[in-house]
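Beneath this line is the structure, given in structure tokens, with notes to follow.
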Amino acid sequence: MNKSELIKTLAEQKELHTDDAAKIVNAFIDSIKDSLKTGERVEIRGFGSFKLKEYEGYTGRNPKTGEVVDVHPKKLPFFRPGKELKEYLNK
Amino acid sequence: MNKTLTKAEIVDAIYEQVDMNRAEIKSHVESLLEIMKESIKKDHALLISGFGKFEAYDKKARKGRNPQTSKSITLPPRKVVVFRLSRKFRSELNGNSE
């Protein structure tokens, strides 16, 4: 499923106008993204939590050419599925 | 300790943008999460453009050990979920420096 199918399914299930369902889904995703961008943790009970991990930069090597490259420091979100989601998937 | 965004605050954020009351929004958010869970289970993947992809994959059974009693046990096969972030969101998080 992708985002537009998610919007369509929500609209059908809750008898919403597609535009309203789209606004809800987009605002939902944006609020999670905005929090992660400011370094905030996100915790959605029953689904899972997101935490931003910061990685330091380092000097690496391109394994193919042996060339030295600088790997910049980076921030990547890490998702931890909640108990309910894990149980649901394995049910 | 950092602040944490919770479901209640997500509902508030949506409330600022849609003309509905909080109770309605809360109910829609719960439904949305259910749909997301079902999709991850059924399709093994949920792709949200500009954000990332949730992927479910199967892990085989393996032998493990109870670290407390050091008894050998067989861990059953199970499904796990991983989140892979989109390129767009990755560059947004990292100030487009890549």
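The values are calculated or read from the model by the stated rules, or taken from the named source; none is laboratory data. No experiment lies behind these values; they were computed from the predicted model shown. In this analysis, Cβ positions are derived from the backbone assuming ideal geometry, glycine residues included, and neighbour counts consider all displayed protein chains. Accessible surface is based on the protein model in full, side chains and every heavy atom, while ligands, DNA and RNA are left aside. Shrake-Rupley method; radii C 1.70, N 1.55, O 1.52, S 1.80 Å.
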Does B:LEU32 fit the bill of being at pLDDT below 90 and open to solvent by less than 60 Å² (accessible area, probe 1.4 Å)? no
Restricting attention to region B:1-25, the residues that are assigned to a helix (DSSP H, G or I) and either small (Gly, Ala, Ser) or farther than 20 Å from A:PHE50 by Cβ (or both) number exactly 7
Residue hits (region B:10-29; facing chain A (nearest Cβ under 7 Å) and open to solvent by 60 Å² or more (accessible area, probe 1.4 Å)) are B:GLN17
Selection from region A:36-51 of residues in contact with a helix residue (DSSP H, G or I) (Cβ under 9 Å, 6 or more places away or on another chain) and over 18 Å from A:PRO81 (Cβ atoms) yields A:LYS37, A:GLU40
Residues located in region B:41-97, provided they are small (Gly, Ala, Ser), exposed (fewer than 15 other Cβ atoms within 10 Å of the Cβ), without any contact (Cβ under 8 Å) to a residue 12 or more places away in the chain and closer than 30 Å to A:ALA27 by Cβ: B:SER91, B:GLY95, B:SER97
In region B:33-45, what residues are farther than 13 Å from A:ASN2 by Cα and of a type in the set (A, V, I, L, M, F, W, C)? B:LEU33
Which listed residue, of B:ALA56, B:ALA61, is under 11 Å from the mean Cα position of the chain (by Cα) and small (Gly, Ala, Ser): B:ALA56
State whether the residues of region A:11-19 include one that is open to solvent by less than 20 Å² (accessible area, probe 1.4 Å) and without any contact (Cβ under 8 Å) to a residue 60 or more places away in the chain. yes
Please list, ordered by residue number, the strands (runs of 3 or more DSSP E) wholly in region A:24-84 having 2 or more residues that are open to solvent by 30 Å² or more (accessible area, probe 1.4 Å) and in contact (Cβ under 8 Å) with a residue 12 or more places away in the chain. A:48-55, A:58-61, A:68-71, A:74-81
